[in-house]
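Some notes on the structure that comes next.
Read-outs throughout are calculated quantities, based only on the coordinates presented, and are distinct from any laboratory measurement. Keep in mind the model is a prediction, meaning the values are calculated, not measured. No Cβ is skipped: glycine too gets one built from the backbone with ideal geometry, and neighbour counts run over all protein chains shown.
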Amino acid sequence: MKIIAFAGSSSKNSINKKLAIYTSSLFKDADVEVLDLNDYELPLFSVDKEAEIGKPELAKKFLEKLASADILVLSLAEHNAGLTAAFKNIYDWASRQDKNVFQEKPMLLTATSPGRGGGRNAIEAAKISLPKYGGNIKETFFLPSFNENFDVENGKISNEEYDKQLKEIINNFSV
C-alpha cells in the first residue's frame with residue numbers, strides 16, 4: 001500500500017507536515033512518500049497566467065504523484081479560516097489539467113494549529129471543495145493546541161487521548 005502524505009502548507013517548519021508524517025507512519029506495512037508543497041510552487045493561478053504559460057509541468061507531476069497513491073494523507077494548515085494559498089494554488093493549477101485532482105483516492109484529512117481550533121475551519125472548507133475535485137474523504141482528525149499536544153522531538157502526538165483517537169481512525173480506515 002502506497003501513501004502520499006503532505007501538508008497544505010509551504011512553511012519549512014510546518015506543524016501540519018509533522019502531523020502528516022506521524023499520521024502516515026501509523027499505517028501498517030505502508031510505503032510512504034512525503035511531498036513538500038515548496039516543490040510545486042507556481043505563479044498565482046489566473047486564466048490570464050494560464051493563457052501566458054499554458055499547463056505547467058509541475059502541476060502534471062503533482063497529479064502523477066497523487067495517482068501513484070493508494071491513500072492520501074493530507075494535513076491542512078489554516079490561514080484566515082480557510083485553505084492556504086500554497087495548497088489552493090497547486091490545487092487550482094492541477095484542476096485545469098484534470099478536474100478529478102484527487103482521483104477518488106481514499107483520503108484522511110487532518111489539521112492542527114497552535115490554537116484550540118486545531119485547523120477545523122480548513123477541514124470544513126476542504127469538505128466543501130475537495131469532493132467536487134475527486135476528494136474521497138473517508139475520515140478527518142483535528143489536533144488542537146499543537147505545541148501542548150505534539151512532541152516535536154519524538155515526532156508524535158504526546159496527548160494520549162488524541163493519539164488514541166487518531167490510531168482508532170487509522171485502525172478502522174477502509175480503502
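If I take R0 = 30 Å and measure r between the Cβ atoms of Arg116 and Glu168 in this structure, what FRET efficiency does the formula 1/(1 + (r/R0)^6) give, to the nearest 0.05? Working from the Cβ atoms, E equals 0.90.
Where the centre of each part is set by its Cα atoms, how far does the range 63-114 sit from the range 1-28, in angstrom? Centre-to-centre distance over Cα atoms comes out at 12 Å. Full extension of the segment from Asp29 to Lys65, taken as 0.36 nm per residue of separation minus the current Cα-Cα distance, would add 11.0 nm.
Taking the longest Cα principal axis of the chain as reference, the axis of helix 160-171 is set at about 60 degrees. Over the residues of the chain, the helix contribution to mean residue ellipticity at 222 nm works out to -11000 deg cm²/dmol, using -39500 (n - 2.57) for each DSSP H run of at least 4. Is there a pair in Lys65/Lys132; Lys61/Lys164; Lys28/Lys55; Lys12/Lys127; Lys60/Lys167; Lys18/Lys49 whose C-alpha atoms are over 31 Å apart, and which pairs would that be? In this structure, Lys61/Lys164; Lys28/Lys55; Lys60/Lys167; Lys18/Lys49 exceed 31 Å between Cα atoms.
Here Asp98, Asp39 are placed in order of increasing Cβ neighbour count within 10 Å, fewest first, which gives Asp39, Asp98.
Each residue of the range 124-132 was assigned a 3J(HN,Hα) from its phi angle through the Karplus curve 6.51 cos²θ - 1.76 cosθ + 1.60 (θ = phi - 60°); the sequence is 5, 5, 5, 5, 7, 8, 4, x, 6 Hz, with glycine and proline shown as x. In this structure the amide hydrogen of Ala7, modeled in the peptide plane, comes within under 5 Å of the amide hydrogens of Leu37, Ser75, none closer than 5 places in sequence on its chain. Put in order of Cβ neighbour count within 10 Å, fewest first, the listed residues Arg116, Arg96 become Arg116, Arg96.
Rounded to whole numbers, the Karplus 3J(HN,Hα) couplings from phi for the range 59-64 are 5, 5, 5, 4, 4, 5 Hz, using 6.51 cos²θ - 1.76 cosθ + 1.60 with θ = phi - 60°, and x at Gly and Pro. Take Val152, project a point 7 Å from its Cα along the Cβ direction, then tell me which residues of the range 1-20 have their backbone nitrogen under 19 Å from it. Within reach of a label on Val152, which here means backbone N under 19 Å from a point 7 Å along Cα→Cβ, the range 1-20 contributes 7-20.
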